[in-house]
Every structure is written in C-alpha cells, then in structure tokens.
Amino acid sequence: MRRLAAFLLWLALTVGLGGAAHAADPRLVPDVSSRAIEIQYSFTGEELLLFGAILYPGQRLPDDRADIVVVLKGPVRPIVLREKRRVAGMWVNANSIRLRTSPGFYAIGSSRPIEQLVDERTAAIFELGLSNLSMSPTGFSESRKLERFENGLIDLYTRQGLFYQNPRAVEITEGVLYRARIPLPARVPVGTYRAETYLISKGRVLAVASRDVQIRKAGFERFVALAAQRHGFLYGLSAVLLSLVLGYGASALFRRR
C-alpha cells in the first residue's frame, strides 16, 4: 500500500506540472506491488499487483477509451517435452521435442478479451495470449506435432497454476488509473520476471512499458540452492551420506522395536 500511495502522489505531481502536455502519444507509467518476492519453506503463493496510469497528451481523455493488457512472464529456459505411449502393456517414451524459449511462468490479464482488442497478427507479434507464445522449437517439426506438444504443455502448466489467463483481470478507473492482480502459485520458479503493460486502442498497440520482478529463494532454501549450484559434488556427496545415516538410523530403530 505504501508503494501505491507513493505512486499516486508522484502521479499527481507529474500531471500538475504538465509533464505529459507535449507528448505526441499517450504514455504508460507502470509499477508493481513488489519488485522482489522471497520464497521460504512456508511460502504458499502470493498475489502480485500490477498498477499504473495512462498519461494522455494535454491531459485530455479521448472519446474512445483505451484498453490495458498486462503480462507477467519468466524465466525463459529450454525444455524437452516427451510423449508417452503404451507399448506391450508398458508406458514408454515415444516422440519428443525441444523448445528453446519456454517460459516457466506466464500470466496475462486484460480489460477485455484479447480477440476483441487486436487481430491475430498483432497478438502473435506481441505474444498476447497463451495460444500466441513463441517457444522456438529446435529442428524441423510438423505443425500438427508441434501444436500437440505445445497444447499439452499449456494444459499441464495451466492446471499447475504456472500459466494463467484472465480477460477481465484489469480494472481501469476514470480512464486513467489501472490495476490487475496476478496470482503466483506456491511452486512458481525462481528467476527474473518481466511485468509488461500494453496500451491498446482501435486494434493498435499505442504504448508498451515494463518492470522487472525478482523471485528468489530465502533462508535455508536459498542456502541449499546455492550449495547445489556452487558446490555440486560436495552437495551430492552430502546428500548421499545423509541418506545413508537416516536409513541406518531408521533400520536400527525398527530392530529395537
């Protein structure tokens, strides 16, 4: 709430000074409720607030009010998808495909459904919507096969809360202030995220603005993650020794009983 109050105060000062009076196009002034989110053992999810303002030239609102689309995306990494088939009563890996730029998390919210705001070409260029994500498959792949794998990934991540789409998530007040809440699941991946805001009117993207958000582990979870990353051999050896000790202790306890 402090960040939101400070933002509104800054906005009032900016408008009062006429900072946008000479702008040719409307501008976006975005912000997020938290620039850094820490994940600890008790983390059960969080809600990130994306908010901001639309600054119109001369401080005059147009007759046709613009729409807002917000996107939270990251971290992007390669992923291998495998398709299982039942052969002779057993499930085995069949086809596979590698995607170079698959986001670990993608959420999009808008003031109206995307198909009512822009055409398919514009939506594909700006990757607006789950069906317009560009995941860059490696090697040649049939369009039907690629579509099947991508739809499977989208369905899986949507059920896990890692992909999210809400065509009514953005609220616009007085045609100037906007806000949207994006839910973050408990298993959200760590990394750098980009919160993007798009100003759209009459099928055109008038302005784009973004902010970075860091999601990172904290406390003991951060210690374990850093140990595994920086000292992989020692971490693996410690894990094996700990398993042996716990297994021996459990067996000794059962023998006494």
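The values are calculated or read from the model by the stated rules, or taken from the named source; none is laboratory data. Keep in mind that what you see is a predicted model, and the values were worked out from it rather than measured. Here the Cβ positions follow ideal geometry from the backbone for every residue, glycine too, while neighbour counts run over all protein chains shown. Protein only, heavy atoms only, side chains kept; ligands, DNA and RNA dropped before computing areas. Shrake-Rupley method; radii C 1.70, N 1.55, O 1.52, S 1.80 Å.
Some notes on this structure:
- Calculated FRET efficiency for the pair residue 177/residue 146, C-beta based, R₀ 35 Å, to 0.05: 0.30
- Summing charges over neighbours of residue 181, with a neighbour being any other residue whose Cβ is under 10 Å away from its Cβ, gives -1 when K and R count +1 and D and E count -1.
- The overall shape of segment 95-224, judged from the alpha-carbon gyration tensor, is oblate: a/c is not under 1.5, and a/b is no greater than b/c.
- Surface exposure of segment 55-173, expressed per residue as accessible area with a 1.4 Å probe, stands at 58 Å².
- Cross-link pairs beyond the 27 Å C-alpha cut-off, checked among 73/202; 145/217; 145/202: 145/217; 145/202
- FRET efficiency for the residue 85 to residue 34 pair, using the beta carbon distance and R₀ = 45 Å, is estimated at 0.55.
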